[in-house]
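Take a look at the structure below.
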Amino acid sequence: MHKTGDFSEKTEAEKLNQHCACVTLDRRAITRALADQLGDDAYEIQTNPNWRQLFSNVAVFVPPRDLEQMGAIVQALEEAAALPAYQRRVLSWAPQSAQFNPGPVGAFMGYDFHLSKEGPRLIEINTNAGGAFLNAMLAQAQLQCCNDFTRAAGANDFDAAVTAQFESEWRAQRGSGRPERIAIVDDQPSGQYLYPEFRLAQQSLRRNGIDALILSPADLRYDSGTLYGSGKRIELVYNRLVDFGLEDPEHTALRCAWLDGRVVITPNPHAHALFADKRNLAVLSDHETLSAWGLSPEKAELLHSGIPRTVKVTADNADALWQQRREWFFKPVAGYGSKGVYRGSKLTKNTFNRILESDYIAQAYIPPSERLVLVDGEREMLKVDVRLYTYRGDFLMAAARLYRGQATNFRTLGGGFAPVLLMVD
């Protein structure tokens, strides 16, 4: 009976995703919400052409069973990452800065899934997963559509959950208390595509009694054991940099403060090395190795089936990967934002030769599910991936991204972030 219920639940979600063309996003409501949070500063964001491209007009329907399965995969993965043998293996190829572990585990972990017909498949792990603040606001600006039996997949009190994460990260390194000031740090933050969420994060923290600044690495100075930003003492850094090991020369102040233990950084190089280096997926999908290291057979099998087969691209397997390239997706081991990724079926020989000269993994290709949207009055199917935002393995929020092309992007008309709506009885 339970399996029948799961099947009908999934069928209903698939039917809605493929045929429901309702516009659920109330753009006036999201405009008001941004103005309420940012005041006069909202105008600059709302008049930026990127703003309209951030959000799709539709929601994505997901059966609760799929969300439960994604959560179980995350829990199993977090257990695997705590195994001493696993940590020794993945830290062996990590940068020196990642060997230092003062305790924080990383706020806003992001686990990206494709919803295959066989169930959710984890395609990527992110330690500086963007979009949570935008998606929290998006979920509150939805109109009812042709299905009345849905609920949003997210935290009831997002602001409180956010503050709790940063307080927990602080205590993991400092033992007690809470930070007085947090710096949200990225390269040229005001020019970043997701800059609006930096502003939302800043306001969320300030509402909960923690001062927050938005800074670039050039604004930081490390002097006499204290990290300063724009002349103010910084106690915790919410790190949005894609220099995951803090190895670039322009990040020296942050790196030194980190290695001296004088600032709490989340997410940090150690967290990235344990979770988000794409080489780790080859280990996490290896049932026999994980079992030998002490993960329960059930959890090892869950990861084996829930993570597409992943291998490092080497000279030894190059010929086989080229011959079977249509079955693979190629990604740089330290990539981000879908940069440098290739669907095997689109590869040229010249591009493949460049892959062989770089550090890449090959991941078994799992086709994404699709969602119907109306673009200029025309019905079009866009690809879907679902991101789970978590902290210490606990669920915070689920959101979807709609796109066209090889990988997720915010350039697709009708695409962008979309709320995940769960089917309910």
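The values are calculated or read from the model by the stated rules, or taken from the named source; none is laboratory data. What you see is a predicted model; the values in this text were computed from it and never measured. Here the Cβ is made from the backbone with ideal geometry for all residues, glycine too, and neighbour counts use every protein chain on show. The protein model used for the area step is the full one, side chains on, heavy atoms only, and it has no ligands, DNA or RNA in it. Shrake-Rupley method; radii C 1.70, N 1.55, O 1.52, S 1.80 Å.
The table below gives the values:
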{"quantity": "Selection within the range 372-387 - within 13 Å of Arg404 (Cβ to Cβ), β-branched (Val, Ile, Thr) and either modelled with pLDDT of 95 or more or surrounded by fewer than 14 Cβ atoms within 10 Å (Cβ to Cβ) (or both)", "calculated": "Val373, Val384"}
{"quantity": "Filter pass, Thr390 being out of contact with any Cys (no Cβ under 7 Å at 6 or more places or on another chain), among the hydroxyl-bearing types (Ser, Thr, Tyr), more than 13 Å from Ser56 (Cα to Cα) and open to solvent by less than 30 Å² (accessible area, probe 1.4 Å)", "calculated": "yes"}
{"quantity": "Unique match (being more than 16 Å from the chain's Cα centre (by Cα) and closer than 25 Å to Val424 by Cα) among Thr150, Thr163", "calculated": "Thr150"}
{"quantity": "Selection count where residues are surrounded by fewer than 24 Cβ atoms within 10 Å (Cβ to Cβ) and of a type in the set (A, V, I, L, M, F, W, C), scope the range 398-416", "calculated": "3"}
{"quantity": "Residues (surrounded by 17 or more Cβ atoms within 10 Å (Cβ to Cβ) and polar (S, T, N, Q)) located in the range 169-187", "calculated": "Gln173"}
{"quantity": "From Ala85, Ala94, residue being part of a helix (DSSP H, G or I) and touching a helix residue (DSSP H, G or I) at 6+ places or on another chain (Cβ under 6 Å)", "calculated": "Ala85"}
{"quantity": "All positions within the range 303-317 that are open to solvent by 30 Å² or more (accessible area, probe 1.4 Å) and among the polar types (S, T, N, Q)", "calculated": "Ser305, Thr314, Asn317"}
{"quantity": "Arg121 vs. criteria open to solvent by 30 Å² or more (accessible area, probe 1.4 Å), at pLDDT 95 or above, touching a helix residue (DSSP H, G or I) at 6+ places or on another chain (Cβ under 7 Å) and not in a loop (DSSP other than H, G, I, E, B)", "calculated": "yes"}
{"quantity": "Test: residue in the range 350-371 that is open to solvent by less than 10 Å² (accessible area, probe 1.4 Å), closer than 30 Å to Cys20 by Cβ and at pLDDT 95 or above", "calculated": "yes"}
{"quantity": "Condition broken by Phe329, with the remaining ones in (1) part of a helix (DSSP H, G or I); (2) closer than 30 Å to Glu197 by Cβ satisfied", "calculated": "(1)"}
{"quantity": "Cβ pairs under 7 Å, 6+ apart, first in the range 37-61 and within 18 Å of Arg387 (Cα to Cα), second part of a helix (DSSP H, G or I) and open to solvent by 10 Å² or more (accessible area, probe 1.4 Å)", "calculated": "Val60/Asn17; Phe61/Leu16; Phe61/Asn17"}
{"quantity": "Sole residue being open to solvent by less than 20 Å² (accessible area, probe 1.4 Å), at pLDDT 95 or above and in a helix (DSSP H, G or I), chosen from Ala320, Ala300", "calculated": "Ala300"}
{"quantity": "Leu295 being crowded, with 19+ Cβ neighbours inside 10 Å and touching an Asp or Glu at 6+ places or on another chain (Cβ under 7 Å)", "calculated": "yes"}
{"quantity": "From Thr412, Thr310, Thr314, residue being more than 26 Å from the chain's Cα centre (by Cα) and of a type outside the set (A, V, I, L, M)", "calculated": "Thr314"}
{"quantity": "Members of the range 135-160 that are open to solvent by less than 30 Å² (accessible area, probe 1.4 Å) and within 12 Å of Ser204 (Cα to Cα)", "calculated": "Ala136, Met137, Phe158"}
{"quantity": "Criterion (closer than 28 Å to Pro49 by Cβ and of a type in the set (Lys, Arg)) met by exactly one of Arg151, Arg221, Arg240, Arg233", "calculated": "Arg240"}
{"quantity": "Test result for Gly119, more than 16 Å from the chain's Cα centre (by Cα) and over 30 Å from Ala253 (Cα atoms)", "calculated": "yes"}
{"quantity": "Test: Leu115 is open to solvent by 10 Å² or more (accessible area, probe 1.4 Å), of a type outside the set (Asp, Glu) and assigned to a strand (DSSP E or B)", "calculated": "yes"}
